[in-house]
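A.B. asks: Dropping the structure in here first, questions after.
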Amino acid sequence: MFAEYRAAGPGSDDTSLDDGLELLAKYKEQLNELNKRKDELVLAEKLFNLPISTFKELVAIEEDNKALSALYDLYREFKQRVKDWSTMLWGKLDAETLRIGADDFDKKRKKLSRTYEENKVFKKIAERITKFKDSIPLIQQLKSGSITDRHWAKLMKETGVQLEGNIKTLTLE
């Protein structure tokens, strides 16, 4: 399990953030089962006055999971908030709320960077948060009252994307 965890677990290079969320839960469950078995073995070793095993791999996985839990908790919260904002109607979307929310996540990212700066998962999350924060000025400009229907028409022509219906009923999704 230890080799599998290192190669393809929630903290590996090839694991996406969404897959990492699922894998973290899976490995936490497996770890609980293995810790129960470890406790039974330690009791048996004590009973027969044998040297107590250290189970270094389990300890290492527990430590990794603790760090990854803090990171994936931030990602889960970020993902949910972005989903909430993305499903909001364009007419009701408040760009200032987006900016404040993005700034809050950026502050959380900076706080975690002190501890997890070199962590691969942290780098992926930081990149997502930064990209989202960088998109806010564009959304603010599109939400400004100076953008008219002719501007939207030109934007659709330039991007090659046709928007159906009223602009106010669109979502970011």
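The values are calculated or read from the model by the stated rules, or taken from the named source; none is laboratory data. Predicted model, so just to flag it, every value in this text is computed and none were measured. Here the Cβ positions follow ideal geometry from the backbone for every residue, glycine too, while neighbour counts run over all protein chains shown.
A.B. asks: Specify which of the listed residues (LEU112, LEU17) is of a type outside the set (S, T, N, Q) and either out of contact with any Lys or Arg (no Cβ under 6 Å at 6 or more places or on another chain) or without any contact (Cβ under 8 Å) to a residue 24 or more places away in the chain (or both).
C.D. replies: Working: LEU17 fails: either out of contact with any Lys or Arg (no Cβ under 6 Å at 6 or more places or on another chain) or without any contact (Cβ under 8 Å) to a residue 24 or more places away in the chain (or both).
Exactly one residue qualifies, and that residue is LEU112.
A.B. asks: Checking GLU57 against (1) free of Cβ contacts under 8 Å to residues at least 24 places away in the same chain; (2) more than 25 Å from LYS79 (Cα to Cα), only one condition comes out false. Which one?
C.D. replies: Unmet for GLU57, out of (1) free of Cβ contacts under 8 Å to residues at least 24 places away in the same chain; (2) more than 25 Å from LYS79 (Cα to Cα): (1).
A.B. asks: If you don't mind, there's one more thing I want to ask. Report yes if some residue within segment 28-50 is acidic (Asp, Glu), out of contact with any Cys (no Cβ under 9 Å at 6 or more places or on another chain) and under 25 Å from LYS123 (Cα atoms); otherwise report no. Please lay out each step first, then the result.
C.D. replies: Narrowing segment 28-50 to residues acidic (Asp, Glu): 29, 33, 39-40, 45.
When the remaining residues are screened for being out of contact with any Cys (no Cβ under 9 Å at 6 or more places or on another chain), the result is 29, 33, 39-40, 45.
If we keep only those that are under 25 Å from LYS123 (Cα atoms) as well, we get none.
So far as segment 28-50 goes, no, none of its residues is acidic (Asp, Glu), out of contact with any Cys (no Cβ under 9 Å at 6 or more places or on another chain) and under 25 Å from LYS123 (Cα atoms).
A.B. asks: Would you tally the residues in segment 117-147 being polar (S, T, N, Q), touching a residue at least 12 places away in the same chain (Cβ under 8 Å) and in a helix (DSSP H, G or I)? So that I can check it myself, show each step before the final result.
C.D. replies: The initial filter retains those residues of segment 117-147 that are polar (S, T, N, Q), namely 119, 130, 135, 140-141, 144, 146.
This time we only want the ones that are touching a residue at least 12 places away in the same chain (Cβ under 8 Å), so: 119, 130, 140.
Next, only the ones that are in a helix (DSSP H, G or I) stay: 130, 140.
The qualifying residues number 2.
A.B. asks: Consider only pairs whose beta carbons are under 9 Å apart and that are at least six residues apart or on different chains; among these, list those whose first residue lies in segment 148-173 and is without any contact (Cβ under 8 Å) to a residue 24 or more places away in the chain and surrounded by 12 or more Cβ atoms within 10 Å (Cβ to Cβ) and whose second residue is in a helix (DSSP H, G or I) and among the aromatic types (Phe, Trp, Tyr).
C.D. replies: These pairs meet every condition: LEU163/TRP152.
A.B. asks: Then there is this: If a residue counts only when it is modelled with pLDDT of 95 or more and among the acidic types (Asp, Glu), which helices (runs of 4 or more DSSP H) contained entirely in segment 1-101 have at least 3 such residues?
C.D. replies: Numbers: elements: 2-8, 17-47, 56-86.
The helices (runs of 4 or more DSSP H) meeting that bar are 17-47, 56-86.
A.B. asks: Is at least one residue of segment 81-98 β-branched (Val, Ile, Thr), without any contact (Cβ under 8 Å) to a residue 24 or more places away in the chain and loosely packed, with under 12 Cβ neighbours inside 10 Å? Give the derivation first.
C.D. replies: Quick first cut of segment 81-98, residues β-branched (Val, Ile, Thr) only: 82, 87, 97.
Those left that are additionally without any contact (Cβ under 8 Å) to a residue 24 or more places away in the chain: 97.
Narrowing the set further to residues that are loosely packed, with under 12 Cβ neighbours inside 10 Å leaves 97.
Yes, there is a match, as at least one residue in segment 81-98 is β-branched (Val, Ile, Thr), without any contact (Cβ under 8 Å) to a residue 24 or more places away in the chain and loosely packed, with under 12 Cβ neighbours inside 10 Å.
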